[in-house]
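Below is one structure; the comments refer to it alone.
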Amino acid sequence: MKYLFLIICFSLFVNDVSAQKDLTITYESGPIAYDSTKPRSGVKKLVLVIRDTISYEYGLHNNEKLNPKKPLGSRFHWHSRYKNYSDRKVIFQSEPFQKPKYCVSDTLKEIQWELMGGEKFILGYSCQKASAIIDSNEVEVFYTTQLQTNAGPFYYWGLPGAILEFWKVGSAYIDRAIEVSLSAEEIVKPDNGKKISRSEFDKILKEIYSNRAIIRTN
């Protein structure tokens, strides 16, 4: 009877781990370091917070500290992006310094991943390689099925596990997870700023950069 009780407890523990829905992954982005003994220069950090079928990501600007009393999505953060994987909706906010403030709606496109196998350990997690063509760029990633989520950073998603490393083929930069936490802050759907579509926002940016080019030539 004692052994049966232990088996049941162990089974419940395994099921609880496999059903893990809350994750926080911190990535470090910077030049590819061919000498692993030397620290990378010019690195930036990206934090991806996952709660079940939604996620929120943001860049850490000058190691800023976020207000833990305010849920993610309630105010503007650097390079932020809210994603709902159930309905493939994306909302990204303009940068904190920009005026007026925009809350931009976009769509998650389905990605045709090629699973390439292999094995690589990142932060103790066994990872496999996958690749895809995204917006005319060849992207390669390492993902782990030990963290069961189809969420991912930027517009990368749809794999049978969490993405812990990614890069564009031919680029000198790579993003790699430096920390994984099995917990997540509260996330709310962004509802601040002027609501516009991605196409409208792209048009606004095009006009801004066009005007800047005119100013520089005068």
Original post:
Does Lys195 satisfy the criteria of being out of contact with any Lys or Arg (no Cβ under 9 Å at 6 or more places or on another chain), of a type in the set (Lys, Arg) and surrounded by fewer than 16 Cβ atoms within 10 Å (Cβ to Cβ)?
Top reply: yes
**OP:** Quick one: Gly59 ticks every box in (1) in contact with a Phe, Trp or Tyr (Cβ under 8 Å, 6 or more places away or on another chain); (2) surrounded by fewer than 16 Cβ atoms within 10 Å (Cβ to Cβ) except a single one, so which number is it?
**Re:** (2)
**OP:** Check Gln98, Gln146 and return the single one that is outside any strand (DSSP E or B) and more than 30 Å from Ile196 (Cβ to Cβ).
**Re:** Gln146
Subject >> Every residue from region 150-187 that is within 12 Å of the chain's Cα centre (by Cα) and either among the β-branched types (Val, Ile, Thr) or under 20 Å from Lys89 (Cβ atoms) (or both) >> reply: Asn150, Ala151, Gly152, Pro153, Phe154, Tyr155, Tyr156, Trp157, Ile163
**OP:** Quick one: count up the residues across region 162-180 that are within 23 Å of Thr24 (Cα to Cα), in contact with a Pro (Cβ under 8 Å, 6 or more places away or on another chain) and surrounded by fewer than 18 Cβ atoms within 10 Å (Cβ to Cβ).
**Re:** 1
**OP:** Output the residues belonging to region 159-192 that are within 22 Å of Tyr125 (Cβ to Cβ) and part of a loop (DSSP other than H, G, I, E, B).
**Re:** Leu159, Pro160, Gly161, Leu182, Ser183, Ala184, Glu185
**OP:** Answer with yes or no whether Ser74 is within 25 Å of Ile204 (Cα to Cα), small (Gly, Ala, Ser), crowded, with 16+ Cβ neighbours inside 10 Å and out of contact with any strand residue (DSSP E or B) (no Cβ under 6 Å at 6 or more places or on another chain).
**Re:** yes
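Values quoted throughout were computed directly from the atomic coordinates according to the rules given, and no laboratory measurement underlies them. Remember, it's a predicted structure, so these values are computed and weren't measured experimentally. Cβ: placed from backbone, ideal geometry, glycine included. Neighbour counts: every protein chain shown.
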